[in-house]
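Taking it in order: structure first as structure tokens, then the write-up.
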Amino acid sequence: MARSCPPCTLSSSDVEYSFFTMTTSTPRENPWSIGIADITQAAVFAALIAALGLPGPITVGSAGVPITFQTLGVMLAGAILGLKKGTLSVVIFMAVALAGLPILSGGRNGQTALISPTAGFFVGFLPGVIVIGLLTALMMPRYRILPGIVINLIGGVVVIYLFGTVGLVLRADMSLWAAIAANGWFIAGDAVKAIVTALVASQVHRGWPGLIAPLRQRTTDPKVAV
């Protein structure tokens, strides 16, 4: 007599479809491959970075470097999407800006930015998101707020300021020390952005775990466990 087979069921834990996750129980073999979901997420964050430039710049100090919210978008991309997708989002944003679209703060495009005193800050978006995405992936699978703040400060402040300082020296004919001092106007605001980014990223990763694949694999060998 044939044995009856219980009806197959598919629970929401097996396949989950949302903006942040489009995965199945079968893991992707190549962690560096880019799928449709990856491109979609990167494109949305590229649009977010562009949208954060809509409020317009606030110019302070004598260097002519504006305060913008777009560095917040760069931090969010790295902290939420990680190295691969976060970098892709900034590449998309910069490519569109360099193509001539006025998506930078103040209605500027990438070509205008490269010949202005802010050239270094614009260029610094890419290494900044790479550092944030890489260090965040090393921290995963559990996102922690305090290390996240430090990571955002390293990539979103130290790295971007480094490139911005070089840009001021080359484009504004400033001395090195004057260029470094010009960054002092922005430290407090960018520190707040780093904190906000860590708080937002913590909630996102809690609600949608697995957005960033950890670069360090935990040891599960019972012989090594203590």
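Each value in this text was obtained by applying a stated rule to the coordinates, not by laboratory testing. Model, not experiment: these values are computed from the prediction. With ideal geometry, Cβ positions are generated from the backbone for all residues, glycine too; neighbour counts draw on all protein chains shown.
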Requested in this report: Taking the Cβ of each residue in Ile132, Ile80, Ile39 as the centre, tally the other Cβ atoms inside 10 Å and list the residues starting with the fewest.
Outcome: Ile39, Ile80, Ile132
Report summary line: At 20 °C and 1.002 mPa s, the Stokes-Einstein diffusion coefficient in µm²/s for the range 34-207, with hydrodynamic radius from the Kirkwood sum on alpha carbon pairs, is 135 µm²/s
Query raised in the report: At a Förster radius of 22 Å, what calculated FRET efficiency corresponds to the Cβ-Cβ distance of Trp32 and Ile180, to the nearest 0.05?
Result: 0.05
